[in-house]
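For reference, the structure discussed in these notes is given below.
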Amino acid sequence: MVLPAVGASLLLAGCTFEQSALHPAGRDAQELSGLTWFMFAGAVVVWAIVMGVTVYAVLGRKRRRTERFADLFILGGGVAFPTVGLAILLVYGLSLLPNWTSAQAPGLRVHVQAEQYWWRFAYELPDGSRVETANELHLPNDVTAEFVLTSTDVIHSFWIPALGGKMDLIPGRTNLLRLTPTKAGTYRGVCAEFCGPSHTFMAFPVVVHDADGYASWLAAEQAPATSGSELFAASGCAACHTIRGVAETGKVGPDLTHFGRRSTIGAATLVNTRENLLAWLADPQRIKPGAAMPGFASLPETDRAAIADYLMGLK
Ligand code: CUA
């Protein structure tokens, strides 16, 4: 049961550094990785000095030192060196704090609402209206995106290591985070705050497009679904899920208007294939314990297959 999920996450994370803070693809991640390497280099220097002194103390020639040498050694090594070293690291670290006043205004605003255990993404359009989707984030390259972060249940944390971050989503609060991707590609975001049994199955692919790619993605996402399904409504799916243009009352679960275009099921728990979707529809709890979605094993198999085919066809 856990195997397909583990397989999916391995496949998704792979060896492509999709989820690596040390392979930055964004401005903030670049600064963070610079800071990390700088701190690491500093730690190596300190370690080498301490080891050198230790080895000298154990193996070095024994001879009597003056009291003045001892005082200078303690003041130099124990006070001056740490004070100067830590001050340099502190000033460098503080200089990297985000400075929004001088940063240019964000070119895009995405409202992110975390839920146990998935992500509601709503893209703000220039006229103020929003396009809602779920569990897969698409961003234009070289544009600063502002994320408006909220939660309705418990504390989650929004983290895309390759782009920068991270920031908590706290019930009753609105937090803001700005990220600027600098390299087109596919990355992986995760929930970085333990939020329940399926915390580990609360991830999302992040696709960074060039400007044209993003515009055409958004245009397609804005469009309503091109087909409806009586089974989808009759089986109860529409009570929780919206498919724009077809069934718009269900708001509890992820928006499925363009489900067939997404690469994963259940917030990056499974790869989006027909077989995985059938398994998910029959018993989501087996794959993702604690998920709010009920199982539909009681439906005739042919109905489940028809619903799966319908959803996969929502491109
Ligand atoms: Cu949401 Cu951990």
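Candidates P197, P224: the one that is assigned to a loop (DSSP other than H, G, I, E, B), within 16 Å of the ligand (Cβ to nearest atom) and not aromatic (F, W, Y) is P197. Of all the residues in segment 145-156, those that are surrounded by fewer than 21 Cβ atoms within 10 Å (Cβ to Cβ) and either within 15 Å of the ligand (Cβ to nearest atom) or of a type in the set (F, W, Y) (or both) number 5. Meeting the requirement of 1 or more residues that are within 19 Å of the chain's Cα centre (by Cα), the helices (runs of 4 or more DSSP H) wholly within segment 18-119 are 27-59. Mind checking which residues of segment 157-190 are within 15 Å of the ligand (Cβ to nearest atom) and open to solvent by 10 Å² or more (accessible area, probe 1.4 Å)? Passing the criteria: W159, G165, K166, M167, D168, I170, P171, N175, R188, V190. Annotation note: Cβ proximity below 8 Å between a residue of segment 114-127 that is modelled with pLDDT of 95 or more and of a type in the set (K, R) and a residue that is within 16 Å of the ligand (Cβ to nearest atom) and not in a loop (DSSP other than H, G, I, E, B) (sequence gap 6+ or interchain) occurs for R120/V112; R120/Q113; R120/A114; R120/A134. Residues in segment 66-80 that are surrounded by 10 or more Cβ atoms within 10 Å (Cβ to Cβ) and without any contact (Cβ under 8 Å) to a residue 24 or more places away in the chain: F69, A70, D71, L72, F73, I74, L75, G76, G78, V79, A80.
The values are calculated or read from the model by the stated rules, or taken from the named source; none is laboratory data. Bear in mind the structure is a predicted one, so any value in this text is a computation, not a measurement. With ideal geometry, Cβ positions are generated from the backbone for all residues, glycine too; neighbour counts draw on all protein chains shown. Areas reflect the complete protein model, heavy atoms only, side chains present, ligands, DNA and RNA absent. Shrake-Rupley method; radii C 1.70, N 1.55, O 1.52, S 1.80 Å.
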